[in-house]
Amino acid sequence: MNSPLVAGVPATGVEPPAPAARPTEWKGARMQAGIRRRYAAERRFRLLGLGSVLLSAGFLLFLLLTMLGNGLRGFTQTELRLPIDFAASSIMLDPATLATPAGQAALNTADIEGATAAAADVAFGAGGARLLSDGGWLRVRDAIAADPTILTRKAEVWVPAATGIDLAAKGKASPEDEAAYARLNRAGATKTGLNLAFLTSADSTDPTLVGIWGALKGSLLTMAVTILLAFPIGVLSALYLEEYAPRNRWTDLIEVSINNLAAVPSIIFGLLGLAVFLNFMDMPRSAPIVGGLTLALMTMPVIVIAGRNAIKSVPPSIRDAALGIGASRVQVVFHHVLPLALPGILTGTIIGMARALGETAPLLMIGMRAFIATPPGGITEPATVLPVQIFLWSDEVSRGFVEKTSAAIIVLLVFLMLMNGIAIYLRNRFERRW
Amino acid sequence: MSGFALLFLVLGLGLVAWGTARARAARFASAGSARAHSRPNYHGWYVALWAIVPALIFLAIWGSIEPGLVMGAALDSPAAASLPMPGMERSAILSEVRGLAEGTVAAAFNPISNALLPAYQAASMHYAIIGTLAAVLLALAGGAYAFTRLTPDFRARTRVERVVMGALLVASLIAILTTLGIVASLLFESLRFFAKVSPIEFLFGTSWSPQTAIRADQVGSSGAFGAVPLFWGTIFIGAIIAMAVAIPLGLMSAIYLTQYAKPSTRKWMKPILEILAGVPTVVYGYFAALTIAPALRQFAVSIGISSASSESALAAGLVMGVMIIPFVSSMADDSIAAVPQSMRDGSLAMGATTSETIRKVLVPAALPGVVGGVLLAVSRAIGETMIVVMAAGLAANLTLNPFASVTTVTTQIVQLLTGDQEFDSAKTLAAFALGLVLFLVTLALNIVALRVVKKYREAYE
């Protein structure tokens, strides 16, 4: 605070009223120098404070910009136009039978991969197959399944390019990939567009084929288990501790455990999940239900603490009025206190859930780091979650994974910002000051 | 019938019970005699609880014993005679049969599984029918019993409220159970570890290489479990480097935002700083490993430290420090705000500048609170996992060089427990011993910190 008292009075020099003693020489050179020195120190200190705020904010900006810079390219993908002469290819399929189950089985066993590679060699010269993504032939298979009649003629299929070509299209790759891309580009055989597959498919070993839907679905299932357990338990214990609990040793014990649980490192919860849920109760490894249980134990104390604060802020007059007109103690709480405290509780819950959504370490402990190539179908099937997927991709050596990891981080951050935005909205819209 | 369908069936029966009981209780009121003790709703809930709760308890118990019953019946069938003796192979076949029956396994690997499948499916069907019938009967019986008790002066509300209070109590006991679970599981596994490795060696040994022998004659594979290098690495990264970043930046940010910044600036800057605490740690870890660590290594090489590692303690510590800034800042904010206004006014009235007031009056007065906050921050930093797993190394070095690679307790826990593991080796048990140490240290730090903060608050109240 810049108080005029500090700055003004000594500087303007109000003379002391008693000249008998030696007066302080306000105007003296020594005094003025001292004051200047003190003001300089004041400015330095202030700048230091501003500097540290800006440095912290700058770091956040740097982090977000780095992720955006790396990650936005992860949402796009380069594709090559591949002309295939199906009639002359090694695919021995009859278009008429494809609709039948037998035809589907034949499609699954046909050598489409070989035919695609051969077509690429014809179209792009020797070694052309290497320009395509390893899983590019799957696109050809999908094209056949969608329109069996192309089997009888020549057709053009857009196929994902190999990682090197993809990176060359986005500007940084080895010289030979750059050259190959330039050649293809002159031939008009490339396009770079939005990679919808990234949002709809699951993990893969090939960076051009990976997607986050598998991990996202795992995250959603895990969060569903977490909130179904943590929210009711958290709210009920907050109500008990705040409204009913007698002051005794047991209540103290409960309070101490909740406060400590809120501060226990998350990895300890992972050890608990491993020892109790997996080894003792023999639940399935890598499953969202175990992850959800573990995260629920971690989130519950956060909800209890937020809930107690929200309940505490409901004024006692509300309780007294309800009791006065004959409500029972349970009715007072469930009809009056809880509805009034609910916005605060929900805000705390969303913040706790956001923390659980970004949590990685405990889920590594219970085996949610497996390679899962299909999205999980239920809460007992092996799954992985978004943060763990980011961790797994960050370990991959292939350079194509860098942009995919950053893209996954962007998706995770968008989810977290949405949740926190909702929490802030709830707080501003519904919270009442009594 | 699957578990979920059964669950919904029971809940549906409960809904029916609620509706009928409520309708009946509503007629008490219209019958015009004496006023009913409880509102119709409570009668409904009373009957619904009687219908649902016993059936759910039965389902929970049944769910845990049913697989054993089914497998027992399948093993009694003639097809089970060809099963191998108990061991790995037998349990593999049995789990394959279970998978086939549930449809999670497409085709059997072992022919015996196919032979056993019909017997298993028959037994499974048999027990599923028994379970469903019993659950439905229990729900109906419970509901019917409760329904017969409904009269105008029946105290349904009291009963229901008693159940509600019971539920509240049980919910709050879960916190104690969790704490007990943590302590028991850590302690139990650690004791098994200390039966193999002496606690003295673990706590004071300086050599850490947890690889246990795969073959008996392997060289250099005895496994050394001296955890001092891990403790040092944890303290070096979490308590020294991270705090060297977080304390000055956090404290100065708090001072600037509370003492100098305009309210409008403060309103914007504070949430922005708090975003730093909300970014998931895996993002920080990726950032540290991908951006900060290579840059630091280049810097170290350019100033002549050729031994600089790309997994340096400095990279992990710096990023962790940034993560902790908002934490330190908000603790400092609270404690500075708790210093009485009169002390500040007194100092300003004596002619001190704002910065002199802050440095000589506010911060010394708020020091206990700030120290408490720093202790809490340290406890959070040493328990932090993903940043160090991704950015710090695995080499257990006892070094003061911030550009060298050190490893931490949490990194090693992750390292020991992921990948192929057999659960009884000293290697995996060591992770629980490390977890126990981490738990105890963070607990102690938290207790001390809270005590310091509390005592200091009392001093000014």
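The values are calculated or read from the model by the stated rules, or taken from the named source; none is laboratory data. The structure presented is a predicted model; accordingly, all values stated were derived computationally and were not measured. FYI the Cβ positions are ideal-geometry reconstructions off the backbone, even for glycines, and counts take in every protein chain you see. Note: areas computed on protein heavy atoms with side chains; ligands, DNA, RNA excluded. Shrake-Rupley method; radii C 1.70, N 1.55, O 1.52, S 1.80 Å.
Could we say that residue A:210 is of a type outside the set (Phe, Trp, Tyr), more than 9 Å from chain B (Cβ to nearest Cβ), touching a residue at least 40 places away in the same chain (Cβ under 8 Å) and out of contact with any strand residue (DSSP E or B) (no Cβ under 9 Å at 6 or more places or on another chain) here?
yes
When residue B:211 is tested against (1) modelled with pLDDT of 85 or more; (2) within 29 Å of residue B:387 (Cβ to Cβ), exactly one condition is not met: (1).
For the range A:311-326: of the residues being free of Cβ contacts under 8 Å to residues at least 60 places away in the same chain, touching a helix residue (DSSP H, G or I) at 6+ places or on another chain (Cβ under 7 Å) and among the hydrophobic types (A, V, I, L, M, F, W, C), which is least open to solvent (accessible area, probe 1.4 Å)?
A:322
When the range A:394-411 is filtered for residues that are assigned to a helix (DSSP H, G or I) and more than 13 Å from the chain's Cα centre (by Cα), the ones remaining, listed by number, are A:394, A:400, A:401, A:402, A:403, A:404. Check the range A:247-254 and report whether any residue there is open to solvent by 40 Å² or more (accessible area, probe 1.4 Å), part of a helix (DSSP H, G or I), away from chain B (no Cβ under 14 Å) and not β-branched (Val, Ile, Thr). No - not one qualifying residue is present in the range A:247-254.
Quick one: in the range B:253-285, of everything that is hydroxyl-bearing (Ser, Thr, Tyr), within 7 Å of chain A (Cβ to nearest Cβ) and open to solvent by 10 Å² or more (accessible area, probe 1.4 Å), which residue is farthest from residue A:417 (Cα to Cα)? Explain how you work it out, then say what you get.
Narrowing the range B:253-285 to residues hydroxyl-bearing (Ser, Thr, Tyr): B:253, B:256, B:258, B:260, B:264-265, B:281, B:284.
Checking the rest, the ones that are also within 7 Å of chain A (Cβ to nearest Cβ) come to B:253, B:256, B:260, B:281.
Adding the requirement that they be open to solvent by 10 Å² or more (accessible area, probe 1.4 Å) leaves B:256, B:260, B:281.
Numbers: B:256: 26, B:260: 29, B:281: 15 Å.
Looking at the filtered set, the residue picked out is B:260.
Close Cβ contacts (under 7 Å, 6 or more residues apart or on different chains) running from residues in the range A:411-423 that are closer than 14 Å to residue A:71 by Cβ to residues that are modelled with pLDDT under 90 comprise A:411/A:212. crowded, with 24+ Cβ neighbours inside 10 Å and more than 10 Å from chain B (Cβ to nearest Cβ) - does that describe any residue in the range A:270-289? There is at least one residue in the range A:270-289 that is crowded, with 24+ Cβ neighbours inside 10 Å and more than 10 Å from chain B (Cβ to nearest Cβ). Taking each residue of the range B:177-203 that is touching a residue at least 60 places away in the same chain (Cβ under 8 Å) and looking for partners that are open to solvent by 60 Å² or more (accessible area, probe 1.4 Å) and among the charged types (D, E, K, R) with beta-carbon atoms closer than 9 Å, six or more apart or interchain, yields B:192/B:424.
Filtered by the rule that a residue be open to solvent by 80 Å² or more (accessible area, probe 1.4 Å) and among the hydroxyl-bearing types (Ser, Thr, Tyr), the range A:126-154 gives a lone residue, A:152.
May I ask you to verify whether residue A:199 is aliphatic (A, V, I, L, M) and away from chain B (no Cβ under 14 Å)? For residue A:199, the condition - aliphatic (A, V, I, L, M) and away from chain B (no Cβ under 14 Å) - is met. Being open to solvent by less than 30 Å² (accessible area, probe 1.4 Å) and more than 9 Å from chain A (Cβ to nearest Cβ) is a description that applies to residue B:246.
If I filter the range B:143-165 down to residues being β-branched (Val, Ile, Thr) and at pLDDT 85 or above, which single residue comes out as surrounded by the most Cβ atoms within 10 Å (Cβ to Cβ)?
Step one: list which residues in the range B:143-165 are β-branched (Val, Ile, Thr), which gives B:148, B:151, B:158, B:160, B:163-164.
Filter once more, so that each one left must be at pLDDT 85 or above: B:148, B:158, B:160, B:163-164.
Working: B:148: 9, B:158: 14, B:160: 20, B:163: 15, B:164: 17.
Top of the filtered list is B:160.
Residues of the range A:327-352 that are in a helix (DSSP H, G or I), among the hydrophobic types (A, V, I, L, M, F, W, C) and open to solvent by 10 Å² or more (accessible area, probe 1.4 Å): A:330, A:334, A:338, A:340, A:342, A:346, A:350, A:351.
Comparison of B:168, B:133, B:140 shows that the only residue that is in a helix (DSSP H, G or I) and within 14 Å of chain A (Cβ to nearest Cβ) is B:168. All of B:171, B:184 fail the test of being at pLDDT 90 or above and surrounded by fewer than 19 Cβ atoms within 10 Å (Cβ to Cβ), apart from B:184.
Looking only at the range B:297-312, decide whether some residue is in contact with a Gly (Cβ under 7 Å, 6 or more places away or on another chain) and closer than 14 Å to residue B:387 by Cα. Let's see the steps before the verdict.
Restricting attention to the range B:297-312, the residues satisfying the condition of being in contact with a Gly (Cβ under 7 Å, 6 or more places away or on another chain) are B:309, B:311.
The next check asks that each one be closer than 14 Å to residue B:387 by Cα; those that pass are B:311.
The answer is yes, given that some residue of the range B:297-312 is in contact with a Gly (Cβ under 7 Å, 6 or more places away or on another chain) and closer than 14 Å to residue B:387 by Cα.
This table checks each residue for (1) within 19 Å of the chain's Cα centre (by Cα); (2) not aliphatic (A, V, I, L, M).
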| residue | (1), (2) |
| --- | --- |
| A:344 | no, yes |
| A:349 | yes, yes |
| A:354 | yes, no |
| A:381 | no, yes |
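Flag: residue B:98 matches the condition of being crowded, with 16+ Cβ neighbours inside 10 Å and of a type in the set (Lys, Arg).
Could you check the range A:416-434 and list, in sequence order, the residues that are at the interface with chain B (Cβ under 10 Å from one of its Cβ atoms) and either hydrophobic (A, V, I, L, M, F, W, C) or on the phi > 0 side of the Ramachandran plot (or both)?
Filtering the range A:416-434 down to residues at the interface with chain B (Cβ under 10 Å from one of its Cβ atoms) leaves A:416-417, A:419-420, A:424.
Correct list: A:416, A:417, A:419, A:424.
For the criterion of being open to solvent by 30 Å² or more (accessible area, probe 1.4 Å) and under 24 Å from residue B:442 (Cβ atoms), residue A:263 passes.
From the residues in the range A:22-56 that are over 18 Å from residue B:351 (Cα atoms) and at the interface with chain B (Cβ under 7 Å from one of its Cβ atoms), which one is surrounded by the most Cβ atoms within 10 Å (Cβ to Cβ)? Spell out the reasoning first.
Kept after step one, since they are over 18 Å from residue B:351 (Cα atoms), are these residues of the range A:22-56: A:22, A:29, A:44, A:47-56.
In the following step, the residues that additionally are at the interface with chain B (Cβ under 7 Å from one of its Cβ atoms) were identified as A:48-50, A:52-53, A:55-56.
On the way: A:48: 15, A:49: 23, A:50: 18, A:52: 22, A:53: 27, A:55: 16, A:56: 24.
So the residue we want is A:53.
Could you pull out the residue among B:351, B:304, B:346 that is open to solvent by 30 Å² or more (accessible area, probe 1.4 Å) and not in a helix (DSSP H, G or I)?
Details: B:351 fails: open to solvent by 30 Å² or more (accessible area, probe 1.4 Å); B:346 fails: not in a helix (DSSP H, G or I).
Residue meeting the stated conditions: B:304.
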